[in-house]
C-alpha cells in the first residue's frame, strides 16, 4: 500500500464516544469539601464546554476551550476526593490515628517501588512499542498495523472508529491498513492509548475502589482532553500531554486501594467523614505512586521524566511545562465533573 497517498483524516474521535461504546461512561457526583454528595451517582452528560467532546482534533478542542481556564486552587484537591469517593471532607479536625496508619502503609509501599505492581496496574507492554511506531515514518505504520492486528480487541476498535460517522467516507472499511490510514495518526494514537489504558480502570473487589473507578476514568478522559487542548500554548507536545492526563489517575488506584483495605478507617469515614488534611495527604500519595509507576512503565520519555519529578516534588510545586498543564487540566476536569 502507498502510505503517502492515504485518506489522511486527522480528526480524532472524542474519548467520550469511545467510553460510551465500551459501557464505561461514569456518573459524576456533585460535592464540595464541606458537604456530602448524593448517595446515588447519576450519569454525567456530555458537556459542550469540554474540549474534544464535539471537535475531533486537537485544534478543534483548543478552539472550544476557554481562553484562560481557571487556575488550580487548594480546594480542588478536596473536591476531587469527594467526587471520586462519595465521602465527606471535614476541615474541623486533624489526622486521626487510623488515617495516619493508612498514610504510613503507603509510605512503606513507596520504599520498595517494585511492590507497586500489585497496587497500581501497569499498561500493556505493547503500548510503548505502538506509540513509538506512531511517532515515526511510513515503515513504522506497517509495524503498528502488525501489532494492532495481534490484539483482536484493539483491531476491532480501530475498524469501528474508521467506520464511525466521524470518519465514514461512503465505502465501509474492512481492512486494517485502510482503517489506519482513514483514522489518521492522531486518531490512531488516541484510540490505541484509550483502548489499552481503559481496562486498567475496571472494577476491582474493594468496594470503595470499585465505586471510585468509573469516576476516575471519566475524570481521566476529561483531563486528557484538557491537557491536549492546553499543550500548544505551553510549548508541550500535545500527545505527551494527552497521555499524561489519561494515566495520571492510576496513582489514585493505589491510594484508594490502601484506604479500602483499612476496615477501621472505612467504618470511621462512612460514619463521620475523612479529615481534609487526610484527603490532601492521600492526594500527594497518589502523585508519588503515579510518579514511581510512570518512571517504571517507560511508555514515553516525557512521562518518565514527569514520573521521576513527582517522586520528589508535588505537582503543585513543579515548574516544568508538562506538569503545569497537567495540574491545570486536573483542576479544570474536577470542577466540571464535581459540579455536573
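The values are calculated or read from the model by the stated rules, or taken from the named source; none is laboratory data. Because the structure is predicted, anything quoted here is derived from the model rather than measured. We place every Cβ from the backbone using ideal geometry, glycine too, and count neighbours over all the protein chains shown.
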Just a yes or no: is a residue in the range 315-328 under 25 Å from residue 259 (Cα atoms), touching a residue at least 60 places away in the same chain (Cβ under 8 Å) and either touching a helix residue (DSSP H, G or I) at 6+ places or on another chain (Cβ under 6 Å) or assigned to a helix (DSSP H, G or I) (or both)? yes
Looking only at residues that are closer than 19 Å to residue 247 by Cβ and modelled with pLDDT under 85 in the range 134-168, which one is surrounded by the fewest Cβ atoms within 10 Å (Cβ to Cβ)? 135
Provide a single number: the residues in the range 269-280 that are surrounded by fewer than 19 Cβ atoms within 10 Å (Cβ to Cβ) and either within 21 Å of residue 116 (Cα to Cα) or in contact with a helix residue (DSSP H, G or I) (Cβ under 6 Å, 6 or more places away or on another chain) (or both). 1
By my count, helices (runs of 4 or more DSSP H) wholly in the range 168-253 with at least 2 residues that are within 27 Å of residue 280 (Cβ to Cβ) are 207-231, 238-247
